[in-house]
Amino acid sequence: MNSLRPFRLQQVQSMNELSYFFRQYPRTDRGVFETRRGNTRYVSYAELIESAKELSALWDKLKLRDRFIAVLWMEQSIECMRTMMAVVLAGGIPVPMHPFSSFTDIVRIAKETEAEMVILPKDKYLPVSQSAIQIDIDHAYVIACESGKLLRTPLSDVISFGLKRTYTPPQETAVIFMSSGSTGTPKGIMLSDRNILSNVASIQSYVDLQNDDRVLLFKSLGYCSSITGEWLSALFAGCNLQLTESFMHPFEMIRFIKEHETTFMCTVPSVLMPLVKSDKWDQEDVASLRKMTIVGGPMPSEGLLQLSDRMPSVELMPSYGLTEASPRVSYLPGSELRHRPDSVGIPVKDVDICIVQGGREVLAGESGEIVVRGPNVMLGYYNKPESTAEKLNELGLHTSDIGYLDGDGYLYVTGRKDNAINIGGHTIYPETTERILQDFAGVHEAAVTGVPDDVWGEKMVAFIAFQDPSSSLDELIRYIKQHLQPLFRPRAYFLVERDGLPKTAVGKLNRAALRSMAKEWGNAK
């Protein structure tokens, strides 16, 4: 068995730190179990790092420039992990994309980042090779990830490597993640080795993964959370990783946990809420599960407590973060869940949170913008100095999220600055109302936005997707009157089909499209 050596961020190596991190844990007795279409295969961490070295060696003939950029368009798979490691080992900067990204998205990102490589699986290469749009990325090599084979050479070496960059990212840039684009055009978020690895250490300090843990990863590797919170955390702790494609339904996830005896996982509220409202599973199905972190947005407190009741042996830890913070910022210890179910907890190790209003820090209990400080805070946005300056200043990383800290230092997120609705001079954040709507038993999904109003400036309207057609809107409205003061109640309701709310490419609510829908649909009940 390989003995574990503690990783030290302050160690100075000739190679970049992430490269050193990958090389430090070549365990033969731990690795990745990939389950795909019912079949499982295993690759040890030692085999994975060796195959990544071999892959990076195949690219030596390309004479890639120092700190080259490689766009990865792949499923969450062993091949994707191997390829990302190979880019890092070769001194490059990976840009992991979601597998559901369109070819047009890949072309745009490759052009914006002036990527020297675009790496994709064979099944994606065929349509790419037949497309006329391909010429738009002729400055980049296209690589087949399974073999590392060069599928297409550029028009000339002059075009490929004589190309003068219009922007050169900071030397310490390790990975570039693309933002969700929920508030506009996606931006490239530049993270350093220190950003990522400090967050891995901070996460491990509270999730406390052990050698015998089995960590489930089914989210896209285009998410920073998947890489930092699951893949690298499992590698750091020396435990096995269970890798699989995204589940079509939450019940598939439950069956997987039972069959493969998963002990740790990280997921989002939209996956968990259908489980809260279903009686088709019980705690025996998740008997192996030890801990679960909940990321990607707030989960209604009532649903969270119901879930805790149904899986009493699982420590549920709601968390808060954003990719610009690598991504984890805070977590709620399981021991506090009953006392503060609406909180997203305390800062992770080495991270500091403050609340800012009007350019100054405010006292406990006062609301304002959440600002984050720590080694996890990004370098900036790729080639967007103005956007970077808006987010980063002497106070820290301005998140655009609104919230407050209680007297014990626990964080509460109440809304997002971009989503604010102004009703009669009062600033209202739709997330508050959305959480109450989604607590109602018959609601599958709910979203709230504002539309112009002659009297109040704006009025709040709600879009509701019920679990089944028999659900009663009148009952929901009575429920809202019991749980929300008048200012926070919708003035109109629109019924939509399940999954009928507009979403971004990464599955987040598209609030700009929601506002447009509200204006088009006019008045409802």
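Key figures
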{"read-out": "The stretch 304-327: number of residues that are part of a loop (DSSP other than H, G, I, E, B) and surrounded by fewer than 18 Cβ atoms within 10 Å (Cβ to Cβ)", "value": "2"}
{"read-out": "Single unsatisfied condition, Gly91 versus (1) modelled with pLDDT of 90 or more; (2) crowded, with 20+ Cβ neighbours inside 10 Å; (3) touching a Phe, Trp or Tyr at 6+ places or on another chain (Cβ under 8 Å); (4) not in a strand (DSSP E or B)", "value": "(2)"}
{"read-out": "Candidates Ser326, Ser319, Ser330, Ser335 - the one that is of a type in the set (Ser, Thr, Tyr) and farther than 30 Å from Thr173 by Cβ", "value": "Ser335"}
{"read-out": "Tally, over the stretch 15-39, of residues that are polar (S, T, N, Q), part of a strand (DSSP E or B) and modelled with pLDDT under 95", "value": "1"}
{"read-out": "Candidates Met248, Met253, Met292, filtered to the one that is within 26 Å of Leu411 (Cα to Cα) and of a type in the set (A, V, I, L, M, F, W, C)", "value": "Met292"}
{"read-out": "Qualifying position, being hydroxyl-bearing (Ser, Thr, Tyr) and either buried (at least 21 other Cβ atoms within 10 Å of the Cβ) or touching a helix residue (DSSP H, G or I) at 6+ places or on another chain (Cβ under 7 Å) (or both), among Ser233, Ser205, Ser246", "value": "Ser233"}
{"read-out": "Filter result (in contact with a helix residue (DSSP H, G or I) (Cβ under 6 Å, 6 or more places away or on another chain) and outside any strand (DSSP E or B)) within the stretch 400-424", "value": "Asn419"}
{"read-out": "Criterion (without any contact (Cβ under 8 Å) to a residue 12 or more places away in the chain and either surrounded by fewer than 23 Cβ atoms within 10 Å (Cβ to Cβ) or among the polar types (S, T, N, Q) (or both)) met by exactly one of Ser301, Ser335, Ser330", "value": "Ser335"}
{"read-out": "Spans of strands (runs of 3 or more DSSP E) in the stretch 328-397 with at least 2 residues more than 19 Å from Leu197 (Cα to Cα) and either out of contact with any helix residue (DSSP H, G or I) (no Cβ under 9 Å at 6 or more places or on another chain) or at pLDDT 95 or above (or both)", "value": "352-357, 368-373"}
{"read-out": "Restricting the stretch 27-63 to residues that are in contact (Cβ under 8 Å) with a residue 60 or more places away in the chain and under 21 Å from Val95 (Cβ atoms), the residue that is surrounded by the fewest Cβ atoms within 10 Å (Cβ to Cβ)", "value": "Lys63"}
{"read-out": "Which listed residue, of Ala110, Ala70, is of a type outside the set (Ser, Thr, Tyr), buried (at least 20 other Cβ atoms within 10 Å of the Cβ) and part of a strand (DSSP E or B)", "value": "Ala70"}
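The values are calculated or read from the model by the stated rules, or taken from the named source; none is laboratory data. Quick caveat: nothing in here was measured; it's all calculated off a predicted structure. Cβ coordinates were reconstructed from backbone atoms using ideal geometry, including for glycine residues, and neighbour counts include every protein chain displayed.
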